[in-house]
Each structure stands twice: as structure tokens, then as C-alpha cells.
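The structure appears below as C-alpha cells.
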């Protein structure tokens, strides 16, 4: 793992989920599926990992009598995302090796 | 693949995912609601000027509250509850409401007559819609530009029934905004889960 990088957010799908939640607040499972073009199983697995690490909070609700699962970024997730983005920025800003 | 190539690809993926919903496309039901309110409300200065003020007071507040409800319902249906964006919308239209009251104040206090002030309402509405189109929902830009054109016609030529025609043109632009947003929504609506 690169220095300062968050192991959970190193995965592109989980990073995208965290970035989208930081940007929009609360997003449903169905919207994520559409936005990230993922299967139920793949998205569910990424969500479970983020939930297990305490990075996202889950809320179940009904919209038009149909069940909807909502996700939002937990404080620990926001901190991890900030740290991860900072590490990414440092890597991008660093001069190329041998320069 | 080197770590930096892998990171570049990951960031490209994240950027694409974010861009897929970078700008709120708007809520068709709200556009249709205001198309109706504008159609009726803009005709009143020509056809029944005495009730125009009362109509806009009721339709302004009532339409605002109904728009908030429709926006919330649309957010639930689309699977994105963006509190920050909601606050921006609320603040934008609240400032607009205050501007309308500011224009009406001299009339209410008897320091200006409605005929001399009426065009200023059109100018404020044009500004509000144009800025909403630039910063919040692109389809509203065209309605704002129609109102600017209507303001120019009102000030320069002041032809008979200018408000009624301005209302018809603005209502058409709002209906068009609603229909085009509805089409875009159908293509990207999520199911339930």
C-alpha cells in the first residue's frame, strides 16, 4: 500500500462511492448501481466493506411502498476520505522519480 | 501496470462517475407548475390588474411550498438526497422572493403606482430564472432569457397585452424545459432497492 493511502478506499469503486456520498449527501443503492454501472452483488460487497469499516451509515426506508436502502458518509468515512485525497494529492504533486 | 498508471485509471473512473450527475437536471413537475402559474399570473396585469397582486402573493408562497414538496419527492424517487443542493435552491428562490417584495414595497407604501413598477417584476424574474439556469438548472436559462426579451419589449415598445404574450412565451419555455427534463429522467431513473 502506498504511504498515507487508506486500504479501504484504494479500491476504485469504494473510492467513487465515498466521493459521491461526500458530494451529494444521501444516495440510494439503486442510484449507485446506475451511477457506477455495477451488479447488485458487486455493489453490495463494496457497501458491506465500507459499512464494516464504519465509513458509511445505512438507513432503510420505503418510497412509494417499495423498500429503499439509503447510504451516507459517516464521520470516520469523511476523515478517511480526506486523508486518502491528501495522500493522492501529495503523490500527484511529487516530482517524478529521477527528475 | 505501474502504481501511478493504476491511480490515474482509478481517478478517471471516479471522475466519470461524478460527472454522470454533475448538474441537477431539474424537476419536470415544478416546471409544469410554474408554467401554469406564469401563464395565469402574467395575463392578470392585462386582463384583471386588480387581482394580480393578490394572485402573486398566494401563488408565490403556495407555489414555493409546493415546489419544495415536489423537489423532495423527486429526490426520493431519483435516489439522491442532496441537502446542500436543496439549501442552495431554497436560498436562491428565497432571495428572489425578498427581491419581489422589495419591488412591491413602494407600491404597498403608496410611493409608486403599480403601472410604473410592474416592469421591474419582470426584470427580477428574468434575473432569477437566468441565474438559476446558470448556477442550478440549465433548462431555466431559456425561460430567463425569454423574460429578458419580454422586459425589453415592455420597456421599449409597451404594446397592448404584452404581459399576456410574455406569459405565453415563458410558459412554453417552461413546458419545453419540463418535457426535455422528463425525457432525460426516463433514461436515467433508478429502480427500487
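Which whole-angstrom value gives the distance between the alpha carbon centres of the stretch B:121-193 and the stretch A:36-62?
39
Any chance you could give the angle, 0 to 90 degrees and rounded to 10, that helix B:83-108 forms with the longest Cα principal axis of chain B?
Tilt of helix B:83-108: around 10 degrees.
For chain B, modelled as a GNM with alpha-carbon contacts under 10 angstrom, which of B:148, B:61, B:36 fluctuates the most?
Among B:148, B:61, B:36, the largest GNM mean-square fluctuation belongs to B:61.
Can you check what the Kirkwood hydrodynamic radius comes to for the stretch A:8-89, Cα pairs only, in Å to one decimal? List each step's numbers first, then the result.
On the way: mean 1/r = 0.0779 Å⁻¹.
Value: 12.8 Å, from the Cα pair sum.
Hey, any idea what the orientation-averaged projected area of the convex hull of chain B's Cα atoms comes to, in nm²? Mind showing how you got there, number by number?
Details: hull surface 55.4 nm².
Mean orientational projected area (chain B, Cα hull): 13.9 nm².
Once the Cα atoms of helix B:140-156 and of chain B are each reduced to a long axis, what angle between those two axes, in degrees from 0 to 90 to the nearest 10, is obtained?
20
Can you tell me the length gained on complete extension of the stretch residue B:2 to residue B:19, counting 0.36 nm per residue apart and subtracting the Cα distance?
Numbers: separation 17, 0.36 × 17 = 6.12 nm, distance 2.59 nm.
Net length gain for the segment: 3.5 nm.
Once label points are set 7 Å from the Cα along Cα→Cβ at both residue B:131 and residue A:83, what is their separation, rounded to one decimal in nm?
The two pseudo-label positions are separated by 4.1 nm.
Can you figure out the FRET efficiency of residue B:12 with residue B:72, using R₀ = 30 Å and their beta-carbon distance, to the nearest 0.05?
Details: r = 34 Å, r/R0 = 1.12.
The pair residue B:12/residue B:72 has a calculated efficiency of 0.35.
Can you tell me the FRET efficiency between residue B:118 and residue A:11 if r is taken as the Cβ-Cβ distance and R0 is 41 Å, rounded to the nearest 0.05? Don't skip to the end; give the middle numbers.
Values: r = 59 Å, r/R0 = 1.45.
FRET efficiency, residue B:118 to residue A:11: 0.10.
Grab the DSSP H runs of chain B that are 4 residues or longer, score each as -39,500 (n - 2.57), total them, divide by all residues and round the 222 nm result to the nearest 500 deg cm²/dmol. The partial results should precede the final answer.
Details: 7 runs with 159 residues, N = 193.
Taken over chain B, the calculation gives -29000 deg cm²/dmol.
Arranged by the count of other C-beta atoms within 10 angstrom, fewest first, what order do B:181, B:164 take? Present the calculation step by step, with values, prior to reporting the outcome.
Numbers: B:181 22, B:164 16.
Ordered by Cβ neighbours within 10 Å, fewest first: B:164, B:181.
For residue A:90 paired with residue B:87, estimate the spin-label separation in nm (one decimal), with each label point 7 Å from Cα along the Cα-to-Cβ line.
My value for the distance between the label points is 3.0 nm.
R0 = 30 Å: FRET efficiency of residue A:22 with residue B:61, Cβ-based, nearest 0.05? Display every interim value, and only then the final one.
Numbers: r = 34 Å, r/R0 = 1.14.
The value I calculate is 0.30.
What is the angle, in °, between the Cα long axis of helix B:49-78 and the longest principal axis of the Cα atoms in chain B? Nearest 10 is fine, range 0 to 90.
10
Of the candidates B:157, B:13, B:69, which one comes out as most mobile in a Gaussian network treatment of chain B with C-alpha springs shorter than 10 Å?
Most flexible of the set in this elastic network: B:13.
Each reported figure results from applying straightforward, stated rules to the coordinates on display, with no laboratory input. No experiment lies behind these values; they were computed from the predicted model shown. Note that we place each Cβ from the backbone using ideal geometry, even for glycine, and neighbour counts take in every protein chain shown.
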